[in-house]
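What follows is one structure encoded as structure tokens, with my remarks underneath.
The values are calculated or read from the model by the stated rules, or taken from the named source; none is laboratory data. Fair warning: this is a prediction, and the values are worked out from it, not measured in the lab. Neighbour counts run over all protein chains shown; Cβ positions are idealised from the backbone, glycine included. Protein only, heavy atoms only, side chains kept; ligands, DNA and RNA dropped before computing areas. Shrake-Rupley method; radii C 1.70, N 1.55, O 1.52, S 1.80 Å.
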Amino acid sequence: APQQAPASTVQQLFLAAPPYVYTELATAILQRYLAVEQQWVAVASNNVGPDQAFSALIAKNKDALEKVVAVAMARGQLAARNEIVLSTLRSVRAITNGTDLSDSIAKLADLPVELGFGEVSLLARQYSEKINAQPFEDRVAALRRKLDTTSSDFTDVSALKATSGGFEVLAALLGDESSAIRLNAAEAMIRRVYRMFPEFKVELTDFGPSNISFKYSFQYPDVPIDGQPVVRQGYSRCVSSVDDIEKVLSEFIPLTEEGRQANVMSVIVAPMAFKSDKLSFYSTDEEFKGYVKKTEDLLRKNSAALQAAGVRKFSLMMAQAPHVPRYATFLMEGNWAELESCRDMRPTYQHLLEIARLDKEYELKRIVPTVGRSSQVFLGTKRGEAKGKQGPTRTVFAHTITHSLKMSADDAEGWMDWPESLVLSAVDELERARLNADIGSKPNSYIFAHFNSLVDLEPSVVVEKLESFMNRFVAKHGNRLQKSKVDEIVVKLGIGSVSRGRTHTLRLTASSMTGEYLKTTSYFEQVDSLTGRPARWLDARTGGELGKEDPVVGRMQVKRSTARAAGSTYAPEFLGMIKVELIKKWSVYRQAGGKAEVPVNLFSSIELVQGADGELAESQRLPGQNSVGVLAWRCTLATPEYPGGRDIVLIANDVTFEAGSFGVAEDAVFQKASEYARKRGLPRIHIACNSGARVGLAEELKEFVKAKWSDPSDP
């Protein structure tokens with residue numbers, strides 16, 4: 001009989017055991033795991049590789065080599081051991097509060113990801129947060145006291161941590177017997193949804209417990225192309241039962257159409273929307289799906305009234321205390337079908353996390369659960385793309401958001417801790433997602449981090465600071481980024497102040513799509529006034545317009561495909577390969593005890609382009625704009641031997657241009673680049689991949705070319 005999987009063994013163990021021994025069983029499993037793995041961590045964290053680590057372990061245990069044998073055997077079965085621990089954590093998380101396990105769980109959470117403990121550490125951190133959280137009833141009582149006033153500070157309440165003032169806690173108070181408390185809870189909730197949305201105004205009407213109407217207006221937190229932001233209207237109703245949705249939709253909707261479909265509407269079912277067991281967040285899945293289908297039917301039935309009120313988007317929020325509410329989003333242009341890519345996202349996340357834009361280009365499959373409640377992970381398959389031999393091109397997208405960023409002109413680096421933590425949380429999401437059997441190790445990855453806040457500094461200062469942060473981040477965490485196959489990181493934030501409003505939206509992109517690995521570029525972004533979607537980009541340094549197409553996404557796909565079809569590599573991608581190898585080189589150096597800090601700028605390159613005068617000039621043009629089949633760059637490489645950087649001249653054939661063949665123009669670029677290197681005393685490296693010379697272009701050679709058919713009758 002086939003051997004049983006470790007996870008199944010653990011589950012059967014807990015099912016067979018009486019409840020009073022659950023904690024004892026879990027403690028024994030976790031402590032035995034830690035007893036071995038903590039020994040390995042102690043030596044492996046300070047050594048280059050496994051051989052050196054075992055040598056250190058042997059030296060430390062000369063008189064007890066059985067300990068070394070135990071560690072060696074354990075390392076050989078790490079995947080199975082991890083599975084046992086993960087299954088143990090999942091088993092006890094659902095059946096005990098875990099307080100007695102807090103010490104072991106804290107130690108598991110501290111195990112380093114890079115030594116193979118990634119999933120164990122992530123799950124332990126999640127469980128640790130649950131253990132340390134205040135009981136739900138206590139959180140509701142604390143928030144109730146805060147809202148029991150006639151002058152609540154809604155700015156303060158909307159900025160509370162999710163565990164203290166999140167939607168699950170606020171929803172529990174919408175049915176409160178006190179009119180003041182339920183109205184304050186309702187206003188705090190709607191302001192939390194539209195936090196950092198300019199010109200937000202709301203009017204509430206109280207008809208009793210779980211019977212509140214909200215009418216509000218807002219603008220998107222963006223900079224429109226025409227400078228005229230659209231004021232949108234919203235209408236929400238809180239009801240006590242799903243059955244009340246039909247009544248709400250049949251009533252008059254107090255919104256005006258104003259010649260555009262830009263308004264939003266929602267129904268909030270609270271304080272409790274479900275009848276089924278709420279043991280976990282997804283316990284209500286089947287019941288929720290039924291309510292979503294019923295809502296679709298009701299929206300289609302009342303479509304004329306919704307369109308007359310200018311409603312473009314309808315949202316359904318269903319409370320399920322003590323868990324976060326369930327959400328569903330429905331769009332008019334989809335005939336009121338649920339937008340499944342936005343399932344269980346609060347209404348504004350479709351815009352703030354750019355899900356609508358992503359959904360337009362990719363067929364999306366949500367990957368659940370996620371580590372953080374403000375993160376979403378998708379497996380995207382490019383729409384309209386023909387399937388190749390390896391199947392369709394797929395990408396894993398990790399999108400996350402925060403509403404705070406403290407950046408000051410005087411603080412050079414201290415402010416970087418929070419953005420580093422946020423982007424690393426997205427890397428955590430990717431690492432967890434790759435454990436999903438539907439994803440695996442093949443797809444590349446993309447990170448989007450939105451700082452939905454305003455930085456009150458000069459735009460040029462913000463650009464410099466954010467680019468410095470990204471370069472440091474890539475240099476510091478390059479190994480993890482490579483393992484997760486991160487091709488692109490996008491950071492978005494607002495520039496301005498509450499009094500002046502948003503003056504700029506900065507979009508910083510670290511992308512491998514230009515050839516160089518995660519090369520940093522910055523743009524000022526403007527949006528379509530009606531849809532709120534990005535539609536125009538300006539170079540953050542020159543102010544020059546980059547067009548109305550995304551300046552990064554997909555720019556090298558055709559060239560890459562052409563080169564790979566020829567069995568080669570697109571020339572600009574060698575720049576990225578060099579940077580990746582530099583990251584690896586520095587990682588080995590640091591693990592071996594090297595003291596020098598990893599430079600912020602490990603690698604930089606500037607293309608050398610031949611001008612009309614025949615001379616080479618430095619250029620920052622985008623890849624694929626060459627009209628010659630030879631490319632050249634001046635590159636600066638920072639190595640552990642030369643951390644200050646050394647320059648080289650790199651020349652490469654572009655196999656996507658005339659099959660990389662040499663003609664007169666190619667000879668000229670090659671000659672000029674070689675002269676450029678010799679004149680400056682720089683090493684010259686030529687990466688050759690070409691189909692030979694295009695002799696037909698050289699008139700002086702034609703008379704020397706003699707050819708005849710070996711069989712004239714069969715040319």
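Below are the figures for this structure:
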{"item": "Positions within segment 636-668 being closer than 18 Å to Ser605 by Cβ and touching a residue at least 60 places away in the same chain (Cβ under 8 Å), in sequence order", "result": "Leu650, Ala652, Asn653, Asp654"}
{"item": "Unique residue being free of Cβ contacts under 8 Å to residues at least 24 places away in the same chain and on the phi < 0 side of the Ramachandran plot when the list is Thr329, Thr370, Thr395", "result": "Thr329"}
{"item": "Among (1) within 17 Å of Ala563 (Cβ to Cβ); (2) of a type in the set (Gly, Ala, Ser); (3) open to solvent by less than 30 Å² (accessible area, probe 1.4 Å), the one test that Ala659 misses", "result": "(3)"}
{"item": "For Val423: the one exception among (1) modelled with pLDDT of 90 or more; (2) among the hydrophobic types (A, V, I, L, M, F, W, C); (3) not in a helix (DSSP H, G or I)", "result": "(3)"}
{"item": "Condition met for Ala53 (at pLDDT 85 or above, of a type in the set (Gly, Ala, Ser) and buried (at least 16 other Cβ atoms within 10 Å of the Cβ))", "result": "no"}
{"item": "Selection count, segment 186-231, where residues are of a type outside the set (Gly, Ala, Ser) and not in a loop (DSSP other than H, G, I, E, B)", "result": "18"}
{"item": "Segment 66-88 residues that are closer than 15 Å to Val120 by Cα, paired with ones that are assigned to a helix (DSSP H, G or I) and open to solvent by 60 Å² or more (accessible area, probe 1.4 Å) (beta carbon under 7 Å, 6 or more apart)", "result": "Ser87/Gln11"}
{"item": "Filter result for Ser91 (modelled with pLDDT under 85 and in a helix (DSSP H, G or I))", "result": "yes"}
{"item": "Qualifying residues in segment 1-50 (those that are outside any helix (DSSP H, G or I) and of a type in the set (A, V, I, L, M, F, W, C)) - the one modelled with the lowest pLDDT", "result": "Ala1"}
{"item": "Residue list for segment 528-549, filter: part of a strand (DSSP E or B), more than 21 Å from Ile447 (Cβ to Cβ) and open to solvent by less than 40 Å² (accessible area, probe 1.4 Å)", "result": "Ala535, Leu538"}
{"item": "Failed item in (1) surrounded by fewer than 15 Cβ atoms within 10 Å (Cβ to Cβ); (2) at pLDDT 95 or above, with Glu137 passing the rest", "result": "(2)"}
{"item": "Among the candidates Met416, Met407, residue that is over 29 Å from Val324 (Cβ atoms), at pLDDT 90 or above and open to solvent by 10 Å² or more (accessible area, probe 1.4 Å)", "result": "Met407"}
{"item": "Qualifying residue in segment 612-623 (condition: in a loop (DSSP other than H, G, I, E, B), closer than 28 Å to Val474 by Cβ and in contact (Cβ under 8 Å) with a residue 60 or more places away in the chain)", "result": "yes"}
{"item": "Among residues of segment 282-326, those that are within 19 Å of Ser241 (Cα to Cα) and either aromatic (Phe, Trp, Tyr) or without any contact (Cβ under 8 Å) to a residue 40 or more places away in the chain (or both), counted", "result": "11"}
{"item": "Condition met for Arg81 (at pLDDT below 80 and of a type in the set (Lys, Arg))", "result": "no"}
{"item": "Matching residues, segment 528-558, being modelled with pLDDT of 75 or more, over 30 Å from Leu331 (Cα atoms) and touching a helix residue (DSSP H, G or I) at 6+ places or on another chain (Cβ under 9 Å)", "result": "Ala540, Arg541"}
{"item": "Among residues of segment 350-366, those that are within 30 Å of Val140 (Cα to Cα), in contact with a strand residue (DSSP E or B) (Cβ under 9 Å, 6 or more places away or on another chain) and open to solvent by 10 Å² or more (accessible area, probe 1.4 Å), counted", "result": "1"}
{"item": "Only listed residue being assigned to a helix (DSSP H, G or I) and among the hydrophobic types (A, V, I, L, M, F, W, C), chosen from Val669, Val649", "result": "Val669"}
{"item": "Pick from segment 162-188, criterion open to solvent by 10 Å² or more (accessible area, probe 1.4 Å) and of a type in the set (A, V, I, L, M), ranking: nearest to Ser236 (Cα to Cα)", "result": "Leu183"}
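Table: residues versus (1) over 23 Å from the mean Cα position of the chain (by Cα); (2) under 29 Å from Met196 (Cβ atoms).
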position: Glu287; (1), (2): yes, no
position: Gly310; (1), (2): yes, yes
position: Glu333; (1), (2): yes, yes
position: Ser341; (1), (2): no, yes
position: Val368; (1), (2): no, yes
